[in-house]
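To start, the structure itself, in C-alpha coordinates.
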Amino acid sequence: MLTSIRGLSAATLSAGLLISAAPAFANEAEAGEQTPAPATSEIATVTDSEIDRASAPVDAAKASYADGEAGFEVTANVALVSEYRFRGVDLSGGEIAIQGGVDLSTDIGIYAGTWASSLDEDTVGFGSTEVDVYGGWSGDVAEGVSLDVGAIAYLYPDAGAGDFDYIEFYSSIGFTFGPAETTVGVAYAPNQDSLGSTDNFYIYGDVGVGIPNTPVTLTGHLGYTDGFLTFTNDSKAFDWSIGAEAAVYGPLSFGISYVGVEGDGLIDPGGVFTDDAVVFTLSASI
(Lines give C-alpha, C1' and ligand atoms only; values in the text may rest on other atoms or scores of the structure.)
Protein backbone atom coordinates (compact mmCIF):
# COMPACT_ATOMS: atom_id res chain seq x y z
CA MET A 1 0.00 0.00 0.00
CA LEU A 2 1.37 3.43 -0.84
CA THR A 3 2.34 5.38 2.19
CA SER A 4 3.26 8.69 0.60
CA ILE A 5 2.36 10.87 -2.35
CA ARG A 6 5.64 9.74 -3.93
CA GLY A 7 4.52 6.18 -3.70
CA LEU A 8 1.06 7.09 -4.74
CA SER A 9 2.15 8.25 -8.12
CA ALA A 10 2.70 4.86 -9.50
CA ALA A 11 3.33 3.25 -12.81
CA THR A 12 3.18 3.94 -16.64
CA LEU A 13 0.72 3.27 -19.24
CA SER A 14 2.34 4.66 -22.09
CA ALA A 15 -0.89 4.18 -23.69
CA GLY A 16 -1.39 1.75 -26.29
CA LEU A 17 1.01 -0.38 -27.98
CA LEU A 18 2.97 0.65 -30.91
CA ILE A 19 4.53 4.00 -30.24
CA SER A 20 8.17 4.60 -29.99
CA ALA A 21 8.73 6.04 -26.70
CA ALA A 22 9.02 4.73 -22.27
CA PRO A 23 10.60 1.57 -21.09
CA ALA A 24 10.72 -1.12 -23.83
CA PHE A 25 8.66 -2.12 -20.89
CA ALA A 26 7.67 1.31 -20.02
CA ASN A 27 6.62 -0.21 -24.25
CA GLU A 28 4.96 0.54 -21.42
CA ALA A 29 3.42 2.52 -22.18
CA GLU A 30 2.32 3.15 -20.85
CA ALA A 31 -0.57 7.06 -21.42
CA GLY A 32 -0.56 10.17 -22.20
CA GLU A 33 1.98 4.52 -21.85
CA GLN A 34 4.33 4.57 -21.69
CA THR A 35 5.13 2.39 -22.03
CA PRO A 36 8.39 2.29 -19.91
CA ALA A 37 9.17 1.13 -21.52
CA PRO A 38 10.98 1.14 -24.24
CA ALA A 39 10.65 -0.45 -27.79
CA THR A 40 9.36 1.21 -30.89
CA SER A 41 6.11 -0.50 -30.48
CA GLU A 42 4.62 1.28 -27.58
CA ILE A 43 1.25 2.92 -27.60
CA ALA A 44 0.68 6.51 -27.25
CA THR A 45 -1.95 7.13 -24.73
CA VAL A 46 0.90 7.87 -23.89
CA THR A 47 1.82 6.50 -22.62
CA ASP A 48 5.09 4.23 -21.48
CA SER A 49 4.56 0.07 -21.07
CA GLU A 50 6.20 2.24 -20.84
CA ILE A 51 8.26 0.42 -20.53
CA ASP A 52 8.51 -0.31 -24.23
CA ARG A 53 10.14 2.97 -24.96
CA ALA A 54 13.11 1.27 -26.58
CA SER A 55 14.05 1.19 -30.20
CA ALA A 56 14.11 -1.97 -32.29
CA PRO A 57 17.37 -3.04 -33.92
CA VAL A 58 18.20 -1.23 -37.11
CA ASP A 59 19.11 -2.63 -40.50
CA ALA A 60 22.88 -2.54 -40.99
CA ALA A 61 22.38 -1.01 -44.42
CA LYS A 62 20.77 2.11 -42.98
CA ALA A 63 23.79 3.62 -41.29
CA SER A 64 27.29 2.76 -40.16
CA TYR A 65 30.15 4.33 -38.28
CA ALA A 66 32.52 3.24 -41.01
CA ASP A 67 33.03 0.36 -43.37
CA GLY A 68 33.03 -2.91 -41.46
CA GLU A 69 31.78 -1.34 -38.23
CA ALA A 70 28.42 -1.61 -36.50
CA GLY A 71 25.47 0.31 -37.94
CA PHE A 72 23.30 2.59 -35.88
CA GLU A 73 20.14 4.67 -36.14
CA VAL A 74 18.85 7.66 -34.18
CA THR A 75 15.10 8.23 -33.91
CA ALA A 76 13.02 10.81 -32.06
CA ASN A 77 9.41 11.05 -30.95
CA VAL A 78 7.14 13.75 -29.55
CA ALA A 79 3.57 13.61 -28.26
CA LEU A 80 0.81 15.81 -26.90
CA VAL A 81 -1.53 13.84 -24.65
CA SER A 82 -4.75 14.84 -22.92
CA GLU A 83 -3.27 13.41 -19.71
CA TYR A 84 -0.28 11.31 -18.74
CA ARG A 85 -1.25 7.85 -17.50
CA PHE A 86 1.42 5.56 -16.10
CA ARG A 87 0.10 2.01 -15.78
CA GLY A 88 -3.33 3.51 -15.42
CA VAL A 89 -2.38 6.14 -12.83
CA ASP A 90 -2.87 9.83 -13.64
CA LEU A 91 0.42 11.73 -13.27
CA SER A 92 -0.61 15.00 -14.89
CA GLY A 93 -3.61 15.95 -12.75
CA GLY A 94 -6.03 15.36 -15.60
CA GLU A 95 -4.26 18.05 -17.63
CA ILE A 96 -2.47 18.00 -20.98
CA ALA A 97 1.10 16.67 -20.92
CA ILE A 98 3.95 17.21 -23.37
CA GLN A 99 6.24 14.22 -23.98
CA GLY A 100 9.17 13.28 -26.15
CA GLY A 101 12.24 11.14 -26.46
CA VAL A 102 15.34 10.17 -28.44
CA ASP A 103 16.60 6.62 -29.10
CA LEU A 104 19.86 5.23 -30.42
CA SER A 105 19.74 1.66 -31.74
CA THR A 106 22.42 -0.50 -33.35
CA ASP A 107 22.28 -3.32 -35.84
CA ILE A 108 23.42 -5.76 -33.15
CA GLY A 109 20.33 -4.97 -31.07
CA ILE A 110 21.85 -2.81 -28.34
CA TYR A 111 19.91 0.39 -27.70
CA ALA A 112 19.81 3.37 -25.36
CA GLY A 113 17.44 6.27 -25.04
CA THR A 114 15.77 8.91 -22.96
CA TRP A 115 12.16 10.05 -22.67
CA ALA A 116 10.52 12.86 -20.71
CA SER A 117 7.05 14.04 -19.75
CA SER A 118 5.58 17.01 -17.95
CA LEU A 119 3.86 16.23 -14.63
CA ASP A 120 1.37 17.92 -12.33
CA GLU A 121 3.63 18.93 -9.46
CA ASP A 122 0.77 20.07 -7.22
CA THR A 123 -0.99 16.70 -6.87
CA VAL A 124 1.71 14.18 -7.78
CA GLY A 125 4.58 15.55 -5.71
CA PHE A 126 7.41 14.51 -8.06
CA GLY A 127 8.12 18.00 -9.38
CA SER A 128 7.14 19.18 -12.84
CA THR A 129 9.14 16.75 -14.98
CA GLU A 130 9.83 13.03 -15.33
CA VAL A 131 12.93 11.95 -17.24
CA ASP A 132 13.47 8.27 -18.07
CA VAL A 133 16.86 6.92 -19.13
CA TYR A 134 17.04 3.34 -20.39
CA GLY A 135 19.14 0.83 -22.27
CA GLY A 136 19.11 -2.80 -23.25
CA TRP A 137 19.05 -5.31 -26.08
CA SER A 138 16.23 -6.10 -28.48
CA GLY A 139 16.06 -8.44 -31.45
CA ASP A 140 14.40 -11.35 -33.22
CA VAL A 141 15.01 -14.78 -31.69
CA ALA A 142 12.85 -16.72 -34.17
CA GLU A 143 10.55 -15.95 -37.06
CA GLY A 144 7.81 -13.68 -35.73
CA VAL A 145 9.28 -13.74 -32.20
CA SER A 146 11.26 -10.89 -30.61
CA LEU A 147 12.90 -10.41 -27.23
CA ASP A 148 13.65 -7.23 -25.30
CA VAL A 149 15.63 -6.94 -22.04
CA GLY A 150 16.95 -3.87 -20.27
CA ALA A 151 16.83 -1.44 -17.39
CA ILE A 152 15.23 1.97 -16.93
CA ALA A 153 15.83 4.76 -14.43
CA TYR A 154 12.86 6.98 -13.54
CA LEU A 155 14.24 10.40 -12.61
CA TYR A 156 12.48 13.47 -11.18
CA PRO A 157 15.08 16.27 -11.43
CA ASP A 158 13.07 19.09 -9.83
CA ALA A 159 11.32 17.10 -7.10
CA GLY A 160 11.48 18.37 -3.54
CA ALA A 161 13.50 16.96 -0.69
CA GLY A 162 13.47 13.18 -0.33
CA ASP A 163 14.10 10.07 -2.43
CA PHE A 164 12.08 9.95 -5.65
CA ASP A 165 14.24 8.32 -8.36
CA TYR A 166 14.18 4.56 -8.84
CA ILE A 167 15.48 1.85 -11.17
CA GLU A 168 13.48 -0.94 -12.78
CA PHE A 169 14.58 -3.98 -14.80
CA TYR A 170 12.37 -5.29 -17.58
CA SER A 171 11.98 -8.04 -20.15
CA SER A 172 9.35 -8.77 -22.79
CA ILE A 173 8.69 -11.19 -25.61
CA GLY A 174 6.68 -10.24 -28.67
CA PHE A 175 4.86 -12.31 -31.28
CA THR A 176 3.67 -11.29 -34.74
CA PHE A 177 0.78 -13.09 -36.45
CA GLY A 178 -0.09 -11.41 -39.73
CA PRO A 179 -1.68 -8.04 -38.85
CA ALA A 180 -1.63 -8.83 -35.11
CA GLU A 181 1.15 -8.19 -32.62
CA THR A 182 1.18 -9.34 -28.99
CA THR A 183 3.64 -8.62 -26.20
CA VAL A 184 4.01 -10.16 -22.76
CA GLY A 185 6.40 -8.52 -20.33
CA VAL A 186 7.54 -8.15 -16.75
CA ALA A 187 9.27 -5.38 -14.82
CA TYR A 188 10.84 -5.51 -11.39
CA ALA A 189 12.00 -2.61 -9.23
CA PRO A 190 14.10 -3.98 -6.36
CA ASN A 191 14.06 -2.65 -2.80
CA GLN A 192 14.84 1.08 -2.87
CA ASP A 193 14.38 4.00 -0.45
CA SER A 194 12.15 5.78 -2.99
CA LEU A 195 9.82 2.76 -2.93
CA GLY A 196 9.40 2.88 0.84
CA SER A 197 12.28 0.38 1.31
CA THR A 198 10.18 -2.24 -0.51
CA ASP A 199 10.02 -3.52 -4.10
CA ASN A 200 7.53 -3.54 -6.97
CA PHE A 201 6.62 -6.21 -9.52
CA TYR A 202 4.67 -5.57 -12.73
CA ILE A 203 3.46 -7.98 -15.42
CA TYR A 204 1.52 -7.02 -18.52
CA GLY A 205 0.17 -8.08 -21.89
CA ASP A 206 -0.41 -5.89 -24.95
CA VAL A 207 -2.13 -6.64 -28.23
CA GLY A 208 -2.42 -4.64 -31.43
CA VAL A 209 -4.38 -5.61 -34.52
CA GLY A 210 -4.18 -3.65 -37.74
CA ILE A 211 -7.42 -3.34 -39.69
CA PRO A 212 -6.67 -4.44 -43.28
CA ASN A 213 -6.66 -1.70 -45.92
CA THR A 214 -6.87 1.06 -43.30
CA PRO A 215 -4.31 3.06 -41.26
CA VAL A 216 -6.09 2.02 -38.05
CA THR A 217 -4.70 -0.29 -35.35
CA LEU A 218 -6.87 -1.51 -32.48
CA THR A 219 -5.04 -1.92 -29.18
CA GLY A 220 -5.54 -3.51 -25.79
CA HIS A 221 -3.52 -3.67 -22.57
CA LEU A 222 -3.82 -5.51 -19.25
CA GLY A 223 -1.33 -5.10 -16.42
CA TYR A 224 -0.96 -6.26 -12.82
CA THR A 225 1.08 -4.58 -10.09
CA ASP A 226 2.19 -6.21 -6.83
CA GLY A 227 4.12 -3.85 -4.59
CA PHE A 228 4.61 -0.26 -3.55
CA LEU A 229 3.27 1.45 -6.69
CA THR A 230 -0.44 0.92 -6.12
CA PHE A 231 -3.40 2.75 -4.61
CA THR A 232 -4.94 -0.32 -2.97
CA ASN A 233 -4.98 -1.59 0.62
CA ASP A 234 -3.37 -4.92 -0.30
CA SER A 235 -0.73 -3.41 -2.63
CA LYS A 236 -2.11 -5.32 -5.63
CA ALA A 237 -3.88 -3.74 -8.60
CA PHE A 238 -4.90 -4.40 -12.21
CA ASP A 239 -4.73 -1.70 -14.89
CA TRP A 240 -6.16 -1.86 -18.40
CA SER A 241 -6.82 0.07 -21.59
CA ILE A 242 -8.52 -0.38 -24.93
CA GLY A 243 -8.10 1.96 -27.83
CA ALA A 244 -7.18 2.69 -31.42
CA GLU A 245 -4.54 4.66 -33.25
CA ALA A 246 -4.15 5.74 -36.83
CA ALA A 247 -1.56 7.37 -39.05
CA VAL A 248 -3.06 10.66 -40.19
CA TYR A 249 -0.30 12.30 -42.23
CA GLY A 250 3.32 11.25 -42.75
CA PRO A 251 4.89 10.59 -39.33
CA LEU A 252 1.87 12.05 -37.53
CA SER A 253 -0.56 9.72 -35.74
CA PHE A 254 -3.63 10.09 -33.54
CA GLY A 255 -4.74 7.76 -30.76
CA ILE A 256 -7.59 7.37 -28.32
CA SER A 257 -7.76 4.99 -25.35
CA TYR A 258 -10.06 4.25 -22.44
CA VAL A 259 -7.80 3.73 -19.40
CA GLY A 260 -8.53 2.34 -15.94
CA VAL A 261 -6.76 1.09 -12.81
CA GLU A 262 -7.87 -0.35 -9.47
CA GLY A 263 -7.83 1.97 -6.46
CA ASP A 264 -9.28 2.09 -2.94
CA GLY A 265 -11.13 5.12 -1.66
CA LEU A 266 -9.10 5.29 1.57
CA ILE A 267 -5.84 5.38 -0.38
CA ASP A 268 -7.02 7.65 -3.20
CA PRO A 269 -10.02 9.66 -1.96
CA GLY A 270 -12.14 10.91 -4.83
CA GLY A 271 -10.20 8.88 -7.37
CA VAL A 272 -7.75 11.71 -8.01
CA PHE A 273 -5.16 9.30 -9.42
CA THR A 274 -7.22 6.23 -10.30
CA ASP A 275 -10.49 7.34 -11.90
CA ASP A 276 -11.07 5.89 -15.39
CA ALA A 277 -10.39 8.28 -18.26
CA VAL A 278 -10.46 8.66 -22.03
CA VAL A 279 -7.00 9.70 -23.22
CA PHE A 280 -6.25 11.36 -26.57
CA THR A 281 -2.78 11.36 -28.13
CA LEU A 282 -1.28 13.26 -31.04
CA SER A 283 2.22 12.00 -31.77
CA ALA A 284 4.97 12.01 -34.37
CA SER A 285 8.21 10.08 -34.79
CA ILE A 286 11.16 10.43 -37.14
Region 155-223, accessible surface, carbon-and-sulfur percent (1.4 angstrom probe): 66 percent
Net charge of Cβ neighbours under 10 Å - reference residue 139; Lys, Arg +1; Asp, Glu -1: -3
Cut-off 9 Å between beta-carbons: net charge of the residues surrounding residue 231, Lys and Arg +1, Asp and Glu -1: -3
Charge dipole (debye, nearest 20) of region 127-286; +1 at Cβ of Lys and Arg, -1 at Cβ of Asp and Glu: 440 debye
Solvent accessible area, Å² - residue 102, 1.4 Å probe, full protein context: 70 Å²
Stretchable slack from residue 74 to residue 247, in nm (0.36 nm times residue separation minus alpha-carbon distance): 60.2 nm
Furthest towards positive pole of dipole, 118, 94, 144, structure part region 67-150, Cβ charges: 94
Residue among 249, 278, 238 farthest towards the positive dipole end of region 227-286, charges placed on Cβ: 249
Extended-chain gain in nm, criterion 0.36 nm per residue less alpha-carbon gap, residue 176 and residue 236: 18.6 nm
Per residue solvent-accessible surface (Å²) - region 89-200, probe of 1.4 Å: 44 Å²
Listed residues 231, 175 arranged by accessible area, highest first, probe 1.4 Å: 175, 231
202, 224, reordered so the largest accessible area comes first (probe 1.4 Å): 224, 202
Magnitude of the charge dipole, region 124-221, Cβ model with Lys/Arg +1 and Asp/Glu -1, debye to 20: 260 debye
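The values are calculated or read from the model by the stated rules, or taken from the named source; none is laboratory data. These numbers come from a predicted model, not from an experiment. Here the Cβ is made from the backbone with ideal geometry for all residues, glycine too, and neighbour counts use every protein chain on show. Each accessible area value is taken on the protein alone, full model and side chains, heavy atoms only, with ligands, DNA and RNA left out. Shrake-Rupley method; radii C 1.70, N 1.55, O 1.52, S 1.80 Å.
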